[in-house]
Amino acid sequence: MTSDAEVQLFQKYGWPIEEEDFGREDEPAIDGCALLEEVDGGLRGRFVVRPGLAADRRTDFAEWVVSRVDRFLEHGPEPDGWQRRSDGAWQLWVRRVEFPSL
């Protein structure tokens, strides 16, 4: 089942979330990767998650992607620490971190 956030991402930007084994088995906390590329005065995005990622984590990823793309469009790559790749695209790895309770 596709989450509302995933539907919103596709309706707003036309970008689906894909599943791909990106070879980070040594880092199980990494849920996915976000890539943005500036093309012809706009953006093209690609968003991948681990195959079989739990539905709630995939929903969280989709919500995060929508918020980060909106923020990238408004403020550029700096506030969220997007890394420039050698091909000119911008990339963020998505790592789940559990903070201790206060």
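The values are calculated or read from the model by the stated rules, or taken from the named source; none is laboratory data. It should be emphasised that the depicted structure is a prediction, and the values quoted were computed from it without experimental measurement. Positions of Cβ are generated from backbone atoms using ideal geometry, with glycine treated the same way; all protein chains shown enter the neighbour counts. Quick note on the areas: whole protein, heavy atoms, side chains included, nothing else; ligands and nucleic acids left out. Shrake-Rupley method; radii C 1.70, N 1.55, O 1.52, S 1.80 Å.
Points to keep in mind about this one:
- Within the assembled protein chains, the solvent-accessible surface assigned to VAL39 is about 40 Å², based on a 1.4 Å probe.
- Full extension of the segment from ARG44 to LEU102, taken as 0.36 nm per residue of separation minus the current Cα-Cα distance, would add 16.9 nm.
- Length gained when the stretch GLU74-ALA54 is fully extended (0.36 nm per residue, less Cα-Cα span): 4.2 nm
- Equivalent ellipsoid semi-axes, segment 30-83, via Cα gyration tensor eigenvalues times 5, rooted, Å: 22, 12, 9
- Springs between Cα atoms under 10 Å define the GNM used for the chain, and in it the highest mean-square fluctuation of ALA34, ALA55, ALA89 occurs at ALA55.
- The chain: relative contact order as a whole-number percent, Cα under 8 Å and 6+ apart: 33 percent
- Label-point gap, in nm, between ALA29 and SER86 - each point 7 angstrom along Cα→Cβ: 2.8 nm
- Orientation-averaged projected area, Cα convex hull of segment 1-48 (nm²): 4.3 nm²
- For segment 7-102, GluC sites (Glu not before Pro) are listed when DSSP marks them as loop and at most 16 other Cβ atoms sit within 10 Å of their Cβ; the list is GLU20, GLU25, GLU98.
- Of the solvent-accessible surface of the chain, computed with a 1.4 Å probe and all protein chains present, 49% belongs to carbon and sulfur.
- 10 °C / 1.306 mPa s Stokes-Einstein diffusion coefficient of the chain, Kirkwood radius on C-alpha pairs, µm²/s: 111 µm²/s
- Residues in the chain average 64 Å² of solvent-accessible surface per residue, probe 1.4 Å, ligands and nucleic acids excluded.
- For the chain, with +1 on Lys and Arg beta carbons and -1 on Asp and Glu, the positive-most of LEU73, GLN91, TYR13 along the dipole: LEU73
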